[in-house]
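*Asks:* Have a look at this one before I ask anything.
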Amino acid sequence: MIKNPFFESAGRFGSRRALRSLQGDHTYSDLLSRSQTLASGMGCLVDCRVGDRIACLVEPGLDYVAAQWACWRLGAIFLPLSLSASPAELEYALNDSGAAAAFASRSLAQRLVQAAKGSTPILATEDCEGIHTHGAVPHDPSAGAMILYTSGTTARPKGVLTTHGNIQAQIESLVEAWEWSPFDRIPLFLPLHHVHGIINILGCALWTGAEVDIMPRFDVASVCARFVAGEYTVFMAVPTIYSLLVSYLESLPADERESVTRAVSCLRLMVSGSAALPASLHEKWSQLTGQALLERYGMTEMAMALSNPLKGERRPGSVGQPLPGVEIRLVSETGGAVVGSGEPGEIQIRGRNVFPGYWNKPEATAASFSGDWFRTGDVAVLEDGYYRILGRLSVDIIKSAGYKLSALEIESVLLEHPDIRECAVVGIPDATWGEIVAAALVTQITDDKLPCLEEWCRLKMSRYKIPRRWALIENLPRNAMGKVVKPEVKNLFSALAPNN
Ligand code: MLC
Ligand code: AMP
């Protein structure tokens, strides 16, 4: 019987340390046995069938990995939820996916209970104890493995379904390109409901027998202390994190800065991605630490597609070449023809890494493919053998701190507020956050009541979606057809003083 490759390799790595976390150290054998325990617990709670969706609201650590593997033992599709999701967002994900059950950390279970409104059985992972030798359904590469919710050009997020075969292709490509080894040690502070944390860091590390240092959140001082202690060989983060690291390093006395930068210079690889890395930040990092960041480009629907080389020139402002197993073409936005070097076009991707479709959304799936090529909605140009991202086709997609946000989704939530008549949400450029969410409102709410509005937003949306800048205006700028002119909305913010 073919086994899930994660279980196969964990069996081989046995007593090697897989995770370090606040709860202690855990070996690969611990991951296997804990996943058996959670699978048994879930099997007692619900009669799981192959293809069922099992949601997971579990803090990063042993039980997060064990819940993921327990789903796969049961033949279920793993659906990791955002720890900062609002009740409405949790409810949407549970309903849209038709989740059969959920794992939750005990401290988070109540949130899920409220969102599930009694319709989804919830198992607190801490309630699962003892050793149970729960087997695993046969591994089927074409079966659904995971659903991640992603915001896009629709008001509601879409569930991106990936198969076991997709995950294998995504990981094997990165393991080969970036030469992962069992001797690698990497920190993990990125959220575990997106591919950057799940595939690039956790997935690749556990696939190769490496060690993951799980931190509950990004804390710049502790990360730097661990650099100095020589704890890592590899580091992966979004550009915002590198920007926060630069600010922190610049605030340190020269001798302390020197000890961190010397330690950083010893890492074998530092990767940036999920949003554009400004060439100036690339250069600044290299001046400070001697490390040339490796920038790569990816997306939930296919994980990673383009990467600067591990060996060879890492060009600032570029995302490199296709990763192993990934095919890429650029297609003209106007004529639909494949364009050559030097001409801009939409990035389209083909390969075993590309997802089969959005969960229960055949029309959205059809619209996002051109034949068997996935249409990313990002525009790039090929220059001198390196791809450079120029921007996105949709003005309604915002990238803030590496999170992809939908302006339409945020607008539709804001319009639920009884005092907001009209609104337009845009991303405005920011050196640290990439883009900052900004909202123009036609409303009777006054400047001094904005903190109450922000409080209201906290109940409705994840923290990272909440607008940080507000413009209270009489009318939204519209064109002759009555459509809001988003570039003019953006200009409003350059003319206004910051709200805070
Ligand atoms: C936080 N702050 C922001 C902000 N987020 N300000 C503007 N815009 C934002 N987006 C401010 C807060 O107001 C607060 O300010 C301070 O920063 C600290 O807030 P926090 O909420 O505690 O932030 P923190 O938890 O430290 O989060 C920062 C972060 C996080 C960078 C660690 O945003 C993060 O993990 N981002 C990565 C997301 C990710 O993994 N994306 C990958 C998607 S997959 P004050 O004044 O109150 O102190 C993908 C595919 C691919 O994209 O290619 O990888
Ligand atoms: P997500 O849907 O959250 O997976 O985000 C994917 C999007 O992030 C892509 O479509 C790009 O717009 C953006 N992205 C990822 N990596 C990069 C990069 N290196 N440079 C610019 N944009 C990036």
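The values are calculated or read from the model by the stated rules, or taken from the named source; none is laboratory data. For clarity, every value in this text was computed on a predicted model and none was experimentally measured. Reconstructed Cβ throughout: ideal geometry from the backbone, glycine too, with neighbour counts over all protein chains shown.
*Asks:* Within segment 381-407, can you find the residues that are of a type in the set (A, V, I, L, M, F, W, C), more than 12 Å from ligand 1 (Cβ to nearest atom), more than 19 Å from ILE473 (Cβ to Cβ) and touching a residue at least 60 places away in the same chain (Cβ under 8 Å)?
*Replies:* Scanning segment 381-407 gives a single hit, LEU393.
*Asks:* Still on this structure, I have one more. Given LEU330, LEU281, which one is modelled with pLDDT of 95 or more, touching a Pro at 6+ places or on another chain (Cβ under 9 Å), away from ligand 2 (no atom under 11 Å from the Cβ) and within 20 Å of SER394 (Cβ to Cβ)?
*Replies:* Being modelled with pLDDT of 95 or more, touching a Pro at 6+ places or on another chain (Cβ under 9 Å), away from ligand 2 (no atom under 11 Å from the Cβ) and within 20 Å of SER394 (Cβ to Cβ) holds for just one of LEU330, LEU281, which is LEU330.
*Asks:* If you don't mind, another one. Here is a check on your reading of the model: is SER222 within 16 Å of ligand 2 (Cβ to nearest atom), more than 24 Å from LEU90 (Cα to Cα) and of a type outside the set (Lys, Arg)?
*Replies:* No, not satisfied.
*Asks:* Here are GLU295, GLU301: which of them is surrounded by 16 or more Cβ atoms within 10 Å (Cβ to Cβ), within 11 Å of ligand 1 (Cβ to nearest atom) and in a loop (DSSP other than H, G, I, E, B)?
*Replies:* GLU301
*Asks:* Search segment 238-273 for residues being assigned to a helix (DSSP H, G or I) and under 21 Å from ALA210 (Cα atoms), and hand back the single one that is farthest from the chain's Cα centre (by Cα).
*Replies:* Selected residue: ALA263.
*Asks:* Can you tell which of ASP47, ASP30 is free of Cβ contacts under 8 Å to residues at least 24 places away in the same chain and surrounded by fewer than 24 Cβ atoms within 10 Å (Cβ to Cβ)?
*Replies:* Selected residue: ASP47, the only one of ASP47, ASP30 that is free of Cβ contacts under 8 Å to residues at least 24 places away in the same chain and surrounded by fewer than 24 Cβ atoms within 10 Å (Cβ to Cβ).
*Asks:* Can you tell me how many residues in segment 389-403 are in a strand (DSSP E or B) and within 9 Å of ligand 2 (Cβ to nearest atom)?
*Replies:* 6
*Asks:* So, in segment 239-252, of the ones that are out of contact with any helix residue (DSSP H, G or I) (no Cβ under 7 Å at 6 or more places or on another chain) and surrounded by 17 or more Cβ atoms within 10 Å (Cβ to Cβ), which residue ends up farthest from LEU277 (Cα to Cα)?
*Replies:* ILE241
*Asks:* Does THR446 satisfy the condition of being out of contact with any Phe, Trp or Tyr (no Cβ under 9 Å at 6 or more places or on another chain), touching a residue at least 60 places away in the same chain (Cβ under 8 Å) and at negative phi?
*Replies:* Against the criterion (out of contact with any Phe, Trp or Tyr (no Cβ under 9 Å at 6 or more places or on another chain), touching a residue at least 60 places away in the same chain (Cβ under 8 Å) and at negative phi), THR446 does not qualify.
*Asks:* Can you confirm whether ALA85 is in a loop (DSSP other than H, G, I, E, B), touching a residue at least 60 places away in the same chain (Cβ under 8 Å) and either within 16 Å of ligand 2 (Cβ to nearest atom) or at positive phi (or both)?
*Replies:* yes
*Asks:* Could you count how many residues in segment 408-422 are assigned to a strand (DSSP E or B) and free of Cβ contacts under 8 Å to residues at least 40 places away in the same chain?
*Replies:* 2
*Asks:* Something else about it: Condition (residue is within 30 Å of GLY377 (Cβ to Cβ), hydrophobic (A, V, I, L, M, F, W, C), out of contact with any Ser or Thr (no Cβ under 7 Å at 6 or more places or on another chain) and assigned to a helix (DSSP H, G or I)) applied to segment 153-163: is it met by at least one residue?
*Replies:* No, the conditions are met nowhere in segment 153-163.
*Asks:* Does segment 170-178 include one or more residues that are at pLDDT 95 or above and under 21 Å from PRO60 (Cα atoms)?
*Replies:* There is at least one residue in segment 170-178 that is at pLDDT 95 or above and under 21 Å from PRO60 (Cα atoms).
*Asks:* So if I check each of ARG226, ARG185, ARG262, which one is more than 14 Å from ligand 1 (Cβ to nearest atom), free of Cβ contacts under 8 Å to residues at least 12 places away in the same chain and basic (Lys, Arg)?
*Replies:* That would be ARG262, the only listed residue that is more than 14 Å from ligand 1 (Cβ to nearest atom), free of Cβ contacts under 8 Å to residues at least 12 places away in the same chain and basic (Lys, Arg).
*Asks:* Scanning segment 346-372 for residues that are aliphatic (A, V, I, L, M) and under 16 Å from GLU333 (Cα atoms), which turns out farthest from the chain's Cα centre (by Cα)?
*Replies:* ALA367
*Asks:* Pull up segment 415-460, narrow it to residues that are among the small types (Gly, Ala, Ser) and within 30 Å of LEU245 (Cβ to Cβ), then point me to the one that is surrounded by the fewest Cβ atoms within 10 Å (Cβ to Cβ).
*Replies:* For segment 415-460, the residue satisfying everything is ALA431.
*Asks:* Another question about this same structure. Given the criteria crowded, with 23+ Cβ neighbours inside 10 Å and either of a type in the set (Phe, Trp, Tyr) or in a helix (DSSP H, G or I) (or both), does LEU174 qualify?
*Replies:* Considered against the rule, which asks whether it is crowded, with 23+ Cβ neighbours inside 10 Å and either of a type in the set (Phe, Trp, Tyr) or in a helix (DSSP H, G or I) (or both), LEU174 comes out as yes.
*Asks:* How many of the residues making up segment 265-278 are within 14 Å of ligand 1 (Cβ to nearest atom) and either hydrophobic (A, V, I, L, M, F, W, C) or modelled with pLDDT under 95 (or both)?
*Replies:* Summing the residues that are within 14 Å of ligand 1 (Cβ to nearest atom) and either hydrophobic (A, V, I, L, M, F, W, C) or modelled with pLDDT under 95 (or both) in segment 265-278 gives 4.
*Asks:* Next question, about the same structure. Can you report the number of residues in segment 310-349 which are part of a loop (DSSP other than H, G, I, E, B) and either of a type in the set (D, E, K, R) or in contact with a helix residue (DSSP H, G or I) (Cβ under 8 Å, 6 or more places away or on another chain) (or both)?
*Replies:* Looking only at that region, the number is 12.
*Asks:* For segment 382-417, give me each residue that is of a type in the set (Val, Ile, Thr) and farther than 24 Å from SER82 by Cβ.
*Replies:* ILE389, VAL395, listed by residue number.
*Asks:* Could I ask something else about it? Here is a check on your reading of the model: is SER9 surrounded by fewer than 19 Cβ atoms within 10 Å (Cβ to Cβ), assigned to a helix (DSSP H, G or I) and out of contact with any Asp or Glu (no Cβ under 8 Å at 6 or more places or on another chain)?
*Replies:* yes
*Asks:* Restricting to segment 363-388, what's the tally of residues that are in a helix (DSSP H, G or I) and under 27 Å from ALA439 (Cα atoms)?
*Replies:* 1
*Asks:* Filter segment 102-152 down to residues that are in a loop (DSSP other than H, G, I, E, B) and within 16 Å of ligand 2 (Cβ to nearest atom) and give me whichever is nearest to VAL50 (Cα to Cα).
*Replies:* Across segment 102-152, the extreme among qualifying residues is SER151.
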